[in-house]
Amino acid sequence: MATDLTAYTGTWAIDPSHSRLGFTVRHAMVTKVRGSFNDFEGTLVLDGATPSNSNTTLTAQVASISTGNEQRDGHVKSPDFFDVENIPTLTFTSTAVRQDGDDFVVTGDLTIKGTTQSVDIEVEPTGVATDPFGNHRAGFEGELEISREAFGLTWNVALETGGFLVGDKIKISLDVSAIKAS
């Protein structure tokens with residue numbers, strides 16, 4: 001039996017200061033590099049009783065990418081990868097939402113470097129609360145895996161030992177705190 005999600009009904013604005021839009025990618029075939037986009041915004045319009053009436057949008061400023069290494073961040077912003085001078089944002093716009101047990105599956109158009117692909121994001125609602133300032137908040141966590149090459153992020157270097165410097169699969173994770181607008 002599915003959990004009652006009506007407590008999530010309403011229009012919510014993502015609070016970027018309490019949220020994270022992160023990613024993980026394999027580096028040199030032996031380790032993972034983690035990073036995040038620090039400047040993003042989004043809106044969730046949720047109907048907990050009828051999830052198919054829900055929708056969401058998200059826009060991230062690619063220049064806000066941070067991997068903990070300034071030189072790598074500069075390279076990732078260059079035309080070799082994101083080309084932030086010409087394509088400054090990545091976007092997600094939902095096309096369908098359905099309940100799957102206690103979670104939502106959000107299908108939508110993810111656009112990275114001018115290429116749009118349909119993706120599914122499994123989203124777990126993590127709670128609803130009122131913060132000490134009177135804001136009604138809802139939490140969500142989600143994850144998906146994409147092929148960076150499918151989005152035109154094809155730069156790479158072959159390794160002498162086989163394989164490539166940058167893995168093709170990227171795991172994107174969302175930890176969202178949203179404030180109810182209505």
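The values are calculated or read from the model by the stated rules, or taken from the named source; none is laboratory data. Predicted model only: the values in this text are computed from it and were never measured. Cβ placement follows ideal geometry from the backbone for every residue including glycine, while neighbour counts extend to all protein chains displayed.
If you go through the range 46-64 and keep only what is in contact with a Phe, Trp or Tyr (Cβ under 8 Å, 6 or more places away or on another chain) and either closer than 30 Å to residue 102 by Cβ or loosely packed, with under 14 Cβ neighbours inside 10 Å (or both), you end up with 46, 48, 51, 54, 56, 57, 58, 59, 60. A residue that is farther than 17 Å from residue 54 by Cβ, within 16 Å of the chain's Cα centre (by Cα), buried (at least 18 other Cβ atoms within 10 Å of the Cβ) and not aliphatic (A, V, I, L, M) cannot be found anywhere in the range 115-132. In the range 70-91, what residues are modelled with pLDDT of 95 or more, among the polar types (S, T, N, Q) and over 19 Å from residue 20 (Cα atoms)? Within the range 70-91, 86 is the sole residue that qualifies. Residue 4 falls short on exactly one of the conditions (1) surrounded by 14 or more Cβ atoms within 10 Å (Cβ to Cβ); (2) of a type in the set (D, E, K, R); (3) modelled with pLDDT under 95, and that condition is (1). Residue count for the range 65-97, restricted to those that are closer than 20 Å to residue 143 by Cβ, surrounded by 13 or more Cβ atoms within 10 Å (Cβ to Cβ) and either of a type in the set (Ser, Thr, Tyr) or over 18 Å from the mean Cα position of the chain (by Cα) (or both): 5. Yes or no: residue 39 in contact (Cβ under 8 Å) with a residue 40 or more places away in the chain, charged (D, E, K, R) and surrounded by fewer than 16 Cβ atoms within 10 Å (Cβ to Cβ)? No. Residues that are charged (D, E, K, R) and over 17 Å from residue 40 (Cβ atoms) were ranked within the range 139-170; the one that is farthest from the chain's Cα centre (by Cα) is 160. Filter the range 171-182 down to the residues that are of a type in the set (A, V, I, L, M) and surrounded by 14 or more Cβ atoms within 10 Å (Cβ to Cβ), then identify the one that is farthest from the chain's Cα centre (by Cα). This residue is 179. Scanning the range 55-69 for residues that are at negative phi and modelled with pLDDT under 95 yields 67, 69. Tell me, please, whether a residue that is at pLDDT 90 or above, of a type in the set (A, V, I, L, M, F, W, C) and touching a Ser or Thr at 6+ places or on another chain (Cβ under 8 Å) can be found in the range 27-39. There is at least one residue in the range 27-39 that is at pLDDT 90 or above, of a type in the set (A, V, I, L, M, F, W, C) and touching a Ser or Thr at 6+ places or on another chain (Cβ under 8 Å).
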